[in-house]
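The values are calculated or read from the model by the stated rules, or taken from the named source; none is laboratory data. Just so you know, these numbers come straight off a predicted model, no measurement behind them. Counting neighbours? That spans all protein chains shown, and the Cβs are built from the backbone with ideal geometry, glycine included.
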Amino acid sequence: MKYALVTGGSRGIGRAVCQKLYGMGYEVLINYVSNTAAAEATLASIDGHGELLRFDVADAQAVKNAIESWQAAHPEDYIEVLVNNAGIRRDNLLIWMEADDWKAVLDTTLNGFYHVTHAVLQPMLLHKFGRIINVTSLSGIKGLPGQTNYSAAKGGLIAATKALAQEVARKKVTVNAVAPGFIHTDMVEGLDEATLKKDIPAARFGDPEEVAALVGFLASPDSSYITGEVISINGGLYT
Ligand code: NAP
């Protein structure tokens, strides 16, 4: 059995990534925080080849407990692919932004990266194979007004990707990031797609499966010599 953990695997990009990794032969640990029905639908869509791991990535103790319990139940196995995908947005101009909204976004994306990666990294190093793929955003590269919290979190995630990649490359663990533009998921519900797509050279939003294909490549042995990279997937919106 090969195991992959996808944070935020219940919906959107995370669900498509679970399906892609299942197609590559992985048993998928589907993390989510609250939407059990959606997580169960993801598990059903991969023919039950995985399990649900409910925890809040922002909660250090909850992450530690969940990963340690899984490891204790699978002493011969390890998580060889980690996709840090869980994310939220709480948009507002900084002048109006409440501290809670700043903190929630940083806690989920950036502290979540630390909590989960720290919990699964050592077995990857011991087995001398691992893949860590961080789902960042165009917002973390360019910076978007109304998203200083989200841009800061995703920009921090990019820097963390580059730093960690250099720490673990000798152990054949690669660390890369994907940076989507606008992708059809619940997260972009309510955005004015007709207006926004006028600025996208490809003239459309992307689909979760297109992001999942890129994540699948970065998880595969074919990408062994790629590490510390940030690959944009945005229809040409920003290069
Ligand atoms: P989505 O449809 O809103 O799904 C978010 C996922 O994250 C859900 O599975 C949710 O679980 C999970 N989640 C949220 N907070 C969590 C927490 N504290 N702990 C564990 N899981 C948590 O979002 P999406 O569009 O697929 O986004 C996935 C990633 O892509 C995010 O990091 C997002 O920032 C990034 N991204 C998205 C776009 C886009 O246009 N959609 C663009 C750039 C980057 P529940 O189902 O339990 O709520």
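From the list Asp192, Asp101, Asp107, the one residue that fits, being within 13 Å of the ligand (Cβ to nearest atom) and of a type in the set (D, E, K, R), is Asp107.
Look at (1) surrounded by fewer than 20 Cβ atoms within 10 Å (Cβ to Cβ); (2) within 15 Å of the chain's Cα centre (by Cα) and you find that Ala219 fails only one, number (1). Of all residues in segment 91-105, none satisfies being touching a residue at least 60 places away in the same chain (Cβ under 8 Å), within 16 Å of the chain's Cα centre (by Cα) and surrounded by 15 or more Cβ atoms within 10 Å (Cβ to Cβ). Candidates Ala160, Ala153: the one that is farther than 20 Å from Leu237 by Cα and near the ligand (Cβ under 10 Å from one of its atoms) is Ala153. Remark: Tyr22 falls outside the filter, which requires a residue to be modelled with pLDDT of 95 or more, within 13 Å of the ligand (Cβ to nearest atom) and either closer than 19 Å to Leu157 by Cα or surrounded by 15 or more Cβ atoms within 10 Å (Cβ to Cβ) (or both). Out of everything in segment 174-189 that is crowded, with 20+ Cβ neighbours inside 10 Å and closer than 21 Å to Cys18 by Cβ, what residue ends up being farthest from the ligand (Cβ to nearest atom)? Going through the qualifying residues, I end up with Thr174. With respect to the conditions (1) within 14 Å of the ligand (Cβ to nearest atom); (2) assigned to a helix (DSSP H, G or I); (3) crowded, with 17+ Cβ neighbours inside 10 Å, Leu121 falls short on a single one, namely (1).
Of the set (1) without any contact (Cβ under 8 Å) to a residue 40 or more places away in the chain; (2) over 15 Å from Ile88 (Cβ atoms), all apply to Gly190 but (2). Every residue in segment 127-151 that is part of a strand (DSSP E or B), under 19 Å from Ile231 (Cα atoms) and without any contact (Cβ under 8 Å) to a residue 60 or more places away in the chain, please. Of everything in segment 127-151, those that are part of a strand (DSSP E or B), under 19 Å from Ile231 (Cα atoms) and without any contact (Cβ under 8 Å) to a residue 60 or more places away in the chain turn out to be Gly130, Ile132, Asn134. Evaluation of Gly155 against the conditions (1) more than 26 Å from Ala99 (Cα to Cα); (2) under 16 Å from the mean Cα position of the chain (by Cα) shows that the sole unmet condition is (1). Of a type in the set (Gly, Ala, Ser), within 21 Å of Gly8 (Cα to Cα) and either modelled with pLDDT of 95 or more or within 13 Å of the ligand (Cβ to nearest atom) (or both): is that true of Ala165 in this structure? Criteria not met by Ala165. Would you mind stating whether Thr36 is loosely packed, with under 14 Cβ neighbours inside 10 Å, within 9 Å of the ligand (Cβ to nearest atom) and β-branched (Val, Ile, Thr)? Yes: the conditions hold for Thr36.
Residues in segment 34-86 that are charged (D, E, K, R) and either part of a helix (DSSP H, G or I) or under 19 Å from the mean Cα position of the chain (by Cα) (or both): Glu40, Glu51, Arg54, Asp56, Asp59, Lys64, Glu68, Glu80.
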